[in-house]
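A.B. asks: Below: one structure in structure tokens.
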Amino acid sequence: MNKWYEHTSDNSDVVMYSKINVSRNFVNTIFPARMNDEQKKSVAKKIFVSIKNSPLGKEFDMYNLSQLAKAKSVSYAEKNLADKEF
């Protein structure tokens, strides 16, 4: 995936940004604040599989933040690519 923040152009001062937040409950699934680690892993796996199998799945790079080095996950948070809570 191209790193848009490393390129320059006439419009390099303009940034288009979007972010997806999974903030609603899935059917028959409790909210994340009440989940144990196994439940969180199960939901994360369902999300990964859904995105991977979607028509746009190849357009995304997906990372499990719990498996990244701390410095890398902090870097994503600083770039606003991941929530600071993670």
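The values are calculated or read from the model by the stated rules, or taken from the named source; none is laboratory data. Because the structure is a prediction, the values reported are computed rather than measured. For neighbour counting, all protein chains shown are included, and Cβ atoms are generated from backbone atoms with ideal geometry for every residue, glycine included.
A.B. asks: Go through (1) surrounded by fewer than 11 Cβ atoms within 10 Å (Cβ to Cβ); (2) under 19 Å from Lys3 (Cα atoms) and name the single condition Glu38 misses.
C.D. replies: Of everything listed in (1) surrounded by fewer than 11 Cβ atoms within 10 Å (Cβ to Cβ); (2) under 19 Å from Lys3 (Cα atoms), Glu38 misses just condition (2).
A.B. asks: Moving on to the next point. Output the number of the condition that Ala77 fails; it satisfies all remaining conditions of (1) in contact (Cβ under 8 Å) with a residue 40 or more places away in the chain; (2) in a helix (DSSP H, G or I).
C.D. replies: (1)
Residue-by-condition table, conditions (1) of a type outside the set (D, E, K, R); (2) touching a Phe, Trp or Tyr at 6+ places or on another chain (Cβ under 9 Å); (3) modelled with pLDDT under 70:
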| position | (1), (2), (3) |
| --- | --- |
| Trp4 | yes, no, yes |
| Asp13 | no, no, yes |
| Met16 | yes, yes, yes |
| Asn25 | yes, yes, yes |
| Asn28 | yes, no, no |
| Pro32 | yes, no, no |
| Asp37 | no, no, no |
| Ala44 | yes, no, no |
| Lys58 | no, no, no |
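A.B. asks: Collect the residues in segment 56-74 that are in a loop (DSSP other than H, G, I, E, B) and more than 12 Å from the chain's Cα centre (by Cα), keeping them in residue-number order.
C.D. replies: Residues satisfying the conditions are Leu56, Leu68, Ala69.
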